[in-house]
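Worksheet: the structure to be examined is printed underneath.
A short reminder: the numbers here are calculations on the coordinates, not readings from a lab. For clarity, every value in this text was computed on a predicted model and none was experimentally measured. Cβ: placed from backbone, ideal geometry, glycine included. Neighbour counts: every protein chain shown.
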């Protein structure tokens, strides 16, 4: 065994060690029980006696493996070893000296006596390992693969037992669920071993050449041609399918295969995610309540994973058109033979089982496929008859039985969704969207834990906004201490998700926050955000104004982004205030603010006039009556100029907005703001127009000119103005 293998764990499919010694012992005991016949002549009737030592040996090996994955791996390796022993020729006597060096399988193969397919099939049945069997089957070269499935069909068609039928149907279902490209080391090693022996040159020393398995990497998938063998197997064994559960299983497999081949299978268009979650939840509930199900003992995550496999069939096993109609004809025949009895069983049973659920669900899909086929199939006379007859049979069957689907338990939907997210299963991205917005699930202990543990999946602007909506919705209706603690946990998690977003995505979130809750943002509804915000704001900006540099810009933008998410209005107000009063920080603060084009958000305007942007309102609040020195006025002017013309960034304030907000209302000689207003107009007019029509035309240019002319005219009587009357200074005349 390899040094890396832990105690009681396999170290690769062909490694010889303690486990293979136990398996070897099991086969020797089985051979002794079967004497005088050899194991290669084992018959189905012999297995209950001769197979016991083999299954005991595998159980002992399984008990030595410390984890379920280890036990599952040993089952697969045992099947691979026995199957390889059947497929590979006996090594020639001359190879005994060198075979162990050149052939990885040589040593372990020598430990297993010659066996036949009976031992293989009964071993797989005893282990309950149809998935492992199919994984190994589909790793074989296509010709060998079909030959092995033929052997299985032949085997289960003779002396057929219910366990044979179950095994055959399990293999069929696993073939349909199999996805290529997911082979593990055991499956890859098995496929490579068979191909390697098929590619060896014939020996030239007179020894018997090995069997040749033709196949190369360019061959079609192994599943090609298998569907007809499966149909043939069902035809041959239909008389032995007696139990209602197995009949449902057989019909569901057949109908599913026909759905895929008729072009409207599960892969045609994905189900809406809410419908998908309801279906997965229904399956998990059925397995959980059904003690006869092979998935009953599995954990929630494993059940959900299996349900997802059942709903995302890869369409590897399509039938040709001719084969499709053979299958449709067979389904017609089986529904006629079994339909009435199954309807009575389904209507009379208190509990729906998974097989009957799947049959009803698949026949519903098949009904749509048949309609699609009728409309687009260009059918011949015989084909039309089959499609119409099957359509009628399907409708009749569902008319009396589909009502039971309405009573399915979907109480596990939230748990299923969280399992999909936690295990990153097929549709976890879609599921995150439902998780973030479904108010009835939110803020349970499991929901909060799922969010905190899977934060990386929610680093998306749409999901962050949905989570914020859910958070605000919860906060407005829950005010107790426990609710506050949950709010704090969720707020922290959502802010961490937001922090990982790109600046563009952060702006998208800020836009959403402003659209939903206005300038007060989350602080409007979240007391947990309001409580420490002012201190957080002061500390953050204190650090920012102390580290004014290009290197500190990225860090400062990230800090302001967080504050803007929580309380946009207060954050912008602080920037505008500091830009005027903090010496030399105005351009740095303008660069930070221009990183957030979302702040050009137009607020609804309750008073007369047009709506104005949040930034413009905050600028107005920071300027009038607040600037006490010429230096502060100059810094404010430069700050405003940068917001209008920031270089590479998008302007946050347009010249027209600045003119309407800071100039037009104050162009009167007795206005205390007149001088600063004119300085702002001067700055604004320096900015070139970016469009064909100059922006000034939207700012009432003639009343503006008239006001300026009146002001100039006022200087003709400047020395005669009463001392107490306000009037611009002489220095303002040139301006």
- Item | Fewest-first sequence of 691, 411 by Cβ atoms within 10 Å of each Cβ | 691, 411
- Query: When a footprinting reagent is the concern and you count Cβ atoms within 10 Å, what order do 54, 22 take, fewest first?
  - Reply: 22, 54
- In degrees from 0 to 90, rounded to the nearest 10, what is the angle of the helix 630-644 Cα long axis to the longest principal axis of the chain? 40
- Taking Cα atoms, the helix 273-289 axis meets the longest principal axis of the chain at an angle in degrees (rounded to 10) of 40
- Task: Considering Cα pairs under 8 angstrom that are at least six residues apart, work out the relative contact order of the range 619-720 and quote it in whole percent.
- Result: 25
- Query: Normalised by the number of residues in the range 480-588, what is the relative contact order in percent for Cα pairs under 8 Å and 6+ residues apart?
  - Reply: 29
- Quick shape summary for the chain, equivalent ellipsoid via Cα gyration tensor, semi-axes whole Å in descending order, reads 77, 31, 24
- Rotationally averaged projected area of the range 281-335 (alpha carbon convex hull; nm²): 5.4
- Query: For the range 502-653, what mean projected area does the convex hull of the alpha carbons give, in nm²?
  - Reply: 9.2
- Query: Computed over the Cα atoms of the range 276-382, what is the ratio Rg over Rh, Rh following Kirkwood?
  - Reply: 1.03
- Item | Ranked 488, 311, criterion: other C-beta atoms within 10 Å, fewest first | 488, 311
- Take each of the peptides 477-483, 335-341, average the number of other beta-carbon atoms within 10 Å over its residues, and list them starting from the highest. 335-341, 477-483
- Item | Sorted peptide list for 433-442, 611-620, 128-137, 175-184, criterion being average Cβ within 10 angstrom, highest first | 128-137, 611-620, 433-442, 175-184
- Message: Which three numbers, in whole Å and largest first, are the semi-axes of the equivalent ellipsoid of the range 588-735 derived from its Cα gyration tensor as √(5λ)?
- Response: 28, 17, 15
- Item | Three principal axis lengths of the range 421-572 [C-alpha, angstrom, descending] | 46, 36, 26
- Would you kindly calculate the translational diffusion coefficient of the range 554-599, applying Stokes-Einstein with the Kirkwood radius from alpha carbon pairs, for 37 °C and a viscosity of 0.692 mPa s, and quote it in µm² s⁻¹ without decimals? 311
- Note on the structure: Its Cα gyration tensor gives the range 685-728 an equivalent ellipsoid whose semi-axes in whole Å, largest first, are 32, 10, 8
- When ranked by the protection proxy of mean other Cβ atoms within 10 Å per residue, highest first, what sequence do the peptides 37-46, 492-501 form? 492-501, 37-46
- Message: If R₀ is 25 angstrom, what is the calculated FRET efficiency for the pair residue 530 and residue 620, using the beta carbon separation as r and rounding to 0.05?
- Response: 0.55
- With only helices counted (DSSP H, runs n ≥ 4, each -39500 (n - 2.57)), the per-residue ellipticity at 222 nm for the chain, to the nearest 500, works out to -20000 deg cm²/dmol
- Where does helix 244-262 land angle-wise versus the long Cα axis of the chain, in degrees 0 to 90, nearest 10? 60
- Note on the structure: Taking only the Cα positions of the range 56-189, the convex hull volume per residue in Å³ is 136
- Query: Looking at the square roots a ≥ b ≥ c of the eigenvalues of the Cα gyration tensor of the range 119-167, which shape do they give, rounded for a/c under 1.5, prolate if a/b is larger than b/c, or oblate?
  - Reply: oblate
- Query: Which value in Å does the Kirkwood hydrodynamic radius of the range 608-661 take, with 1/r averaged over all unlike C-alpha pairs and then inverted?
  - Reply: 12.0
- Length-normalised contact order of the chain in % [C-alpha pairs under 8 Å, at least 6 apart]: 7
